[in-house]
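In what follows, a structure is listed as structure tokens, so that the remarks can point back to it.
We did not get these values from a lab; they are worked out from the coordinates using the rules stated. In this text, all values refer to a predicted model and were calculated from it rather than measured experimentally. As a convention, Cβ positions derive from the backbone with ideal geometry for all residues, glycine included, and neighbour counts pool all protein chains shown.
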């Protein structure tokens, strides 16, 4: 066993032992604990759990690699996956918390109608499935590299582990496990980031120092046949960069597994601060990622520059076994590098390995390599668990017991929820082995669908009392259909990109259509009943008004 | 915004006009913060990135820096400012949840 394998096993064993122990300690028997953790989670912990839930294999494993190959255009992921929290915190979280239900479809069902609820549950299941596939793939890559298995074997191991503790713990177990997972993943991300920054630039804060390498990296990139790193719009036209960023932001705010998190705080105020803590914790990783991208690409190009083929760095040999790094036949020196096998470059490196390989590429010691692997798994597993919970609650709570069997016992509800989770794991595993794209791309599709379905009708439901069930049903259907058709057409049927808009960016247009159709149809149909308008009025204020405003009272507790 | 310091009219109990005032001020704060959100990410980070890249600070072309670093810092601040100002607004109107938060389970 090599030192890298030893340390990887050790860290994975320790971290998973911890997660499973936490899940076992906080296992639950009631549905409310299973779905929303009984609304008793402190704000900072909830923020960390949101961050872990949110930062998936795509953020941890894929993103820095994508940014490294996209250069400036990688900003679509950096801004898109953080800016959505502003929308979430300002437009959704406090109001949905005040409404106080288990699931997103449940809010939609109360606000509009049972029909819209069922449609929303369908969309939630679909979106979460797309997303969980990306996690399976990410977890599979890690296990494959460090257990020496082919990708399908790695995915099978990931499936077994996710199934074990998502089914066991429910939301409460998942929340506390996710706090632990956040700690593991952020440490695993920051340590190599700081170490490499120190080594390359002499100052250990990657956010500040990666600028000093940009000039050299630009020159190296051009030398290896890659676009100039800081030059905008080399991978996507400007309009597409704009729309993809917008789709990812709106999608973030519409993702059911993120929204449901804000139901677990005790108060409306807690929901607002949870959003702050969550984004702060996320920003730690997201501001480091572009630095890691620059560092590892710089190290990669520098390391192979002018080297004879039999003296290439060690990491290339280590990763060739997974099939994710390939060297062209019959060459002596590497003259070109690409992330796309179709380019026929001398060295082809899959985006998805860059973060995992970064410590090896930089020549950091074996324990750090092992730590990064454990962090990647923490990211994949925590997100997968949160998503499976949404799938399970949508299937059992919003569809099965509403449409097929009302008035079932708590035990039965839990059992159906767990069966749904199991089925989810199996289907996701299948697509994890046969993925329709890169991890981050798969995830981007989930966002487009979430953006075009949930976000518009939830926001209008809060801010526009006149919005009614007919409008929401029509809007949701239009947005979702339009986006799905464009995605399938451009991805699989060879349609051209209209105006340069990629399938990742179409969600923003779908959301716009959803808004317009919802408003138009609502205007043409009767307004919602009076009791609904009162409910909407009531969610706008965190609590009932007291006789003496608290501004007069003193000694307000400010703990968060 | 200086206007939060001006005395808020205290309507007699049963009067609903405070609700409109509260909501109006919530919306105004929201629109202000969302404008900043749009400005840093879409205007400075995407629409004006090419001219801004001619300015280089610490090795970073400025437009590139907004797109990959600056906008994220601003997002975090925007949410913090929203939470803090809404706290104040809630207290001022007496709709804060002090009682519920002290109810420790």
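Averaging 1/r over every pair of different alpha carbons in the protein assembly as shown and inverting the result gives a Kirkwood radius of 25.4 Å. Ordering A:445, A:60 from the fewest to the most neighbouring beta carbons within 10 Å gives A:445, A:60. Here the simple spin-label model places points 7 Å from the Cα toward Cβ, and for residue A:538 and residue A:149 these points are separated by 5.1 nm. Taking 7 Å steps out from each Cα toward its Cβ at residue A:491 and residue A:321 produces label points 3.2 nm apart. Counting other Cβ atoms within 10 Å as a rough exposure proxy, the listed residues A:497, A:531 run A:531, A:497 from fewest neighbours to most. Between helix A:410-433 and chain A there is an angle of about 30 degrees, using the helix long axis and the longest principal axis of the Cα atoms. Ranked by the mean number of other Cβ atoms within 10 Å per residue, highest first, peptides A:447-453, B:81-87 order as A:447-453, B:81-87. The simple spin-label model puts a point 7 Å past each Cα toward its Cβ; for residue A:430 and residue A:531 those points are separated by 4.3 nm.
Residues in the stretch A:470-489 near a label at residue A:115, defined as backbone nitrogen under 14 Å from the 7 Å Cα→Cβ point? Zone members listed by number: A:470-478.
When B:20, A:329 are sorted by how many other C-beta atoms sit within 10 angstrom of their C-beta, beginning with the fewest, the order is A:329, B:20. Highest average first, the peptides A:188-197, A:42-51 ordered by how many other beta carbon atoms sit within 10 Å of their residues are A:42-51, A:188-197.
As I understand it, the value is the acute angle between the Cα axis of helix A:439-463 and the longest principal axis of the Cα atoms of chain A; what does it come to in degrees, rounded to 10? Approximately 20 degrees, to the nearest ten.
Helical content alone sets the calculated 222 nm signal of chain A at -22500 deg cm²/dmol, taking -39,500 (n - 2.57) per DSSP H segment of four or more residues and averaging over every residue. Rounded to the nearest 5, the antiparallel percentage of DSSP beta bridges internal to the protein assembly as shown is 75%.
Relative to the longest principal axis of the Cα atoms of chain A, the long axis of helix A:469-492 makes an angle of roughly 20 degrees.
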